Amino acid sequence: VAGIGAYGWQWRKIHSGDDDLIIDETSQTIELPETYGRKNRLTLGLSEIENLTMQTIAHRGRRGGTSYTYAPTLWVRSGDTAGHKLADWWDKMKAGAFTDWLRQRLGLAPIPCDA
């Protein structure tokens, strides 16, 4: 019963759209979901976006090991020194593919391969 309840809760959460990143090309805005510390959806004009990078985050294990996650992060021109984390992946290839795709959708220049 607990498994069915957890499945139902997860299904409802996914289909609610609350965690969706919305790019509105008509109004030239992007809406960030209520995730990663955001209490409300955040709407930004595409012209406010300065950069999109993939941050590498180190996680120290209890036994001294280190693992990494990869977080596409949006940076805005407003002088806000903290970036807006969009996702967090264990798979660097998936994070990189999403970052490249979103950079293209937002009209940002590609990051050079040696960066």
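The values are calculated or read from the model by the stated rules, or taken from the named source; none is laboratory data. It should be emphasised that the depicted structure is a prediction, and the values quoted were computed from it without experimental measurement. Every residue, glycine as well, gets a Cβ built from its backbone with ideal geometry; the counts of neighbours run over all protein chains shown. For the accessible areas, the whole protein counts, side chains as well, though only heavy atoms, and no ligand, DNA or RNA atoms are used. Shrake-Rupley method; radii C 1.70, N 1.55, O 1.52, S 1.80 Å.
Before I look further, what does the chain give for accessible area per residue, probe 1.4 Å, in whole square angstrom? Write out the running numbers ahead of the final one.
Working: 8230 Å² over 115 residues.
Per residue, the chain has 72 Å² of solvent-accessible surface.
For the stretch 21-70, which chymotrypsin sites (Phe, Trp or Tyr not before Pro) pass both filters: DSSP loop (anything but H, G, I, E, B) and at most 15 other C-beta atoms within 10 Å?
Working: sites: 36, 68, 70; in loops: 36.
Passing sites in the stretch 21-70 are 36.
Show log10 I(q)/I(0) for the chain at q = 0.13, 0.14, 0.15, 0.17 Å⁻¹, two decimals, from a solvent-free Debye sum over equal Cα scatterers.
So the normalised log intensities are -0.62, -0.71, -0.79, -0.97.
Carbon and sulfur: what percent of the chain's accessible surface (1.4 Å probe)? Before the final figure, lay out the partial values.
Working: 4390 of 8230 Å².
Carbon with sulfur: 53 percent of the solvent-accessible area.
Between the stretch 84-98 and the stretch 54-68, what's the alpha-carbon centroid distance in Å?
Using only Cα atoms to place each centre, the spacing works out to 15 Å.
Among 26, 99, 73, which one shows the biggest mean-square fluctuation in a GNM of the chain, springs joining Cα atoms closer than 10 Å?
26
Under 1.5 on a/c is rounded, so check that first for the stretch 45-110, then, if it is not, pick prolate when a/b is larger than b/c and oblate when it is not; a ≥ b ≥ c are the square roots of the alpha carbon gyration tensor eigenvalues.
Details: a/c = 3.92, a/b = 1.77, b/c = 2.21.
Judged from the Cα gyration tensor, the stretch 45-110 comes out oblate (a/c at least 1.5, b/c at or above a/b).
Leaving out ligands, DNA and RNA but keeping every protein chain, what accessible area does residue 94 have, in Å² rounded to the nearest 10, with a 1.4 Å probe?
Looks like 120 Å² after rounding.
Taking the Cβ of residue 29 as the center, what net charge do the other residues with Cβ under 14 Å away carry, scoring Lys and Arg +1 and Asp and Glu -1?
Working: positive: 41, 105; negative: 20, 24, 25, 31, 48.
Taking every Cβ under 14 Å from that of residue 29, the sum is -3.
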